[in-house]
Amino acid sequence: GAGGAGRVVADRCVRNPLPSGVSTINIPKLNGGTVTAPQSTQNTVISSVDPSTSYLSSGITTIAGSNVISLQLIQQSTAGAGFDQIVLADLSADLARNVDRQVLSGTGTAGQVLGLLNVPGIQQVPYVQATPSVTGAGGLYAKVNQAISLVASTRFLPPDAIVMRPERWSAIAASFDSTGRPLVSPSGNAFNQVADASSGVAAQGIVGSMAGLPVWVDSNLPLNGSSQDPILVCRFADLYTWESDVTLATFDQPFANSLGVLVRAHQYLSAIMSRYPASIAVIQGTGTAPPVW
């Protein structure tokens, strides 16, 4: 197959097995917490405020695909694996890509889950430099730290990862300081570096660290009109998914009169990204225009 982007963001979330026989997933949400206060004098009534609770729910999304291939291609294939196995592996890889896209950009309608980028109330960090720069006032490094500060000061817990498209990371790694030294060191510490690439080169997965957080790259992050790409600074420990196993199957009866075989893959997904909107910060704007090499 042609291959495709994997499920980097989906794998950062808290993954749970999807129970069988359910049509929705519900989790509790604390709308207003308990309250403590100093006791005015000894042996007087202390503060007592009951918490306000509700729940969040998500439907179950079905992600599926199929191909019809000829029986001759399966039976006469000289490949090490049967051609049906090759097609099933390709379908399985595409399922992974679409799970990731749902977790990122699902609309919450038309059978889709609500992806993290569409959660109301997430932290928005505008990055609008006319001449984008990694360093300096208003540069990308400052925006990453601004996003970290927003999550920490509103969720009261730190983010745990940065995610960006691989071309964005490559552009950062190709940036230099005023004396021509790279701002990203491939290993260890370097003078005035803003990040390191010590995790190695990857098209998808972990590539290094920046501002004290691991950096992951994921090509499923959307392009806004092919001109801007979001950079995520998130506490993924607050984002939840429930997934069934991937089911792979072949059927030859429906196409017996044409010697065809239906190859099918499907999976069920539920996701709740909205328990703590403050845990999601998105850096985006004209500063994330496509890199110029």
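The values are calculated or read from the model by the stated rules, or taken from the named source; none is laboratory data. As the structure is a prediction and not an experimental result, all values here were calculated from the model. Because the Cβ atoms are built from the backbone with ideal geometry, glycine has one as well, and the counts that use them run over all protein chains shown. Keep in mind that these areas ignore ligands, DNA and RNA; they rest on the heavy atoms of the full protein, side chains included. Shrake-Rupley method; radii C 1.70, N 1.55, O 1.52, S 1.80 Å.
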Practice problem: Among what's in the range 103-128 and is part of a loop (DSSP other than H, G, I, E, B) and free of Cβ contacts under 8 Å to residues at least 12 places away in the same chain, pick the residue that is least open to solvent (accessible area, probe 1.4 Å). | Solution: G108
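How many of the residues making up the range 147-172 are without any contact (Cβ under 8 Å) to a residue 40 or more places away in the chain and either open to solvent by 40 Å² or more (accessible area, probe 1.4 Å) or part of a loop (DSSP other than H, G, I, E, B) (or both)?
As a first pass, look at the range 147-172 and keep what is without any contact (Cβ under 8 Å) to a residue 40 or more places away in the chain: 149, 152-153, 156, 172.
When the remaining residues are screened for being either open to solvent by 40 Å² or more (accessible area, probe 1.4 Å) or part of a loop (DSSP other than H, G, I, E, B) (or both), the result is 149, 152-153, 156.
Residues that pass the stated criteria total 4.
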Exercise. Inspect the range 179-186 for any residue being farther than 30 Å from A96 by Cβ, open to solvent by less than 70 Å² (accessible area, probe 1.4 Å) and assigned to a strand (DSSP E or B) and give the result as yes or no.
Key: yes
Practice problem: Mind listing whichever residues of the range 19-59 are open to solvent by less than 70 Å² (accessible area, probe 1.4 Å), within 17 Å of V113 (Cα to Cα) and either assigned to a loop (DSSP other than H, G, I, E, B) or touching a Leu at 6+ places or on another chain (Cβ under 6 Å) (or both)? | Solution: P19, V22, I27
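What number of residues in the range 100-120 are on the phi > 0 side of the Ramachandran plot and touching a Ser or Thr at 6+ places or on another chain (Cβ under 8 Å)? Spell out how you get there, then give the answer.
Of the residues in the range 100-120, the ones on the phi > 0 side of the Ramachandran plot are 108, 110-111.
If we keep only those that are touching a Ser or Thr at 6+ places or on another chain (Cβ under 8 Å) too, we end up with 111.
So the answer is 1.
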Exercise. Hey, can you tell me all the residues within the range 223-249 that are within 23 Å of T61 (Cα to Cα) and open to solvent by 50 Å² or more (accessible area, probe 1.4 Å)?
Key: D245, V246, T247, L248
